[in-house]
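Reading through the structure tokens given below for one structure.
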């Protein structure tokens with residue numbers, strides 16, 4: 001099982017380097033019910049799809065958005081969490097009110 005432990009509360013490392021989070025608990029319980037052992041390998045998010053395509057991992061768990069391109073090469077489960085994106089601006093910000101107003105802007109983090 002591969003994951004990038006940088007997405008709390010789903011997958012992250014504690015100060016003691018223990019892998020924890022909702023996805024970790026979910027996969028651990030699924031493996032327990034199936035009588036399987038699960039081993040987690042930490043890799044950067046950008047490498048998750050490549051490990052699956054190269055068959056160097058049996059599965060990946062992370063905040064992986066299902067896109068048409070990814071769906072052509074990866075066998076996804078049904079999503080267990082639906083997320084969305086939001087843009088927050090200061091209350092007094094008047095230059096940004098539509099998605100098009102973000103053209104050419106860079107993130108601050």
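Residues 45, 76, ranked from the fewest to the most other C-beta atoms within 10 Å, line up as 76, 45.
Using a Förster distance of 25 Å, how high is the FRET efficiency between residue 40 and residue 80, based on the Cβ-Cβ distance and rounded to 0.05? Working shown, then result.
Working: r = 17 Å, r/R0 = 0.69.
So the FRET efficiency works out to roughly 0.90.
Values of log10 I(q)/I(0) for the chain across q = 0.11, 0.13 Å⁻¹ run -0.49, -0.64, by the Debye formula with one identical scatterer at each alpha carbon and no solvent. The length gained on full extension between residue 7 and residue 54, counted as 0.36 nm times the residue separation minus their Cα-Cα distance, comes to 14.5 nm.
Going by neighbour counts of Cβ atoms within 10 Å, the residues 17, 23, 92 line up, fewest first, as 92, 17, 23. For the peptides 29-37, 47-55, residues were scored by their other Cβ atoms within 10 Å and the scores averaged per peptide; the highest-first order is 47-55, 29-37.
The long axis of helix 22-34 is offset from the longest Cα principal axis of the chain by roughly 30 degrees.
Values in this text are rule-based calculations from the coordinates and carry no lab data. As the structure is a prediction and not an experimental result, all values here were calculated from the model. No Cβ is skipped: glycine too gets one built from the backbone with ideal geometry, and neighbour counts run over all protein chains shown.
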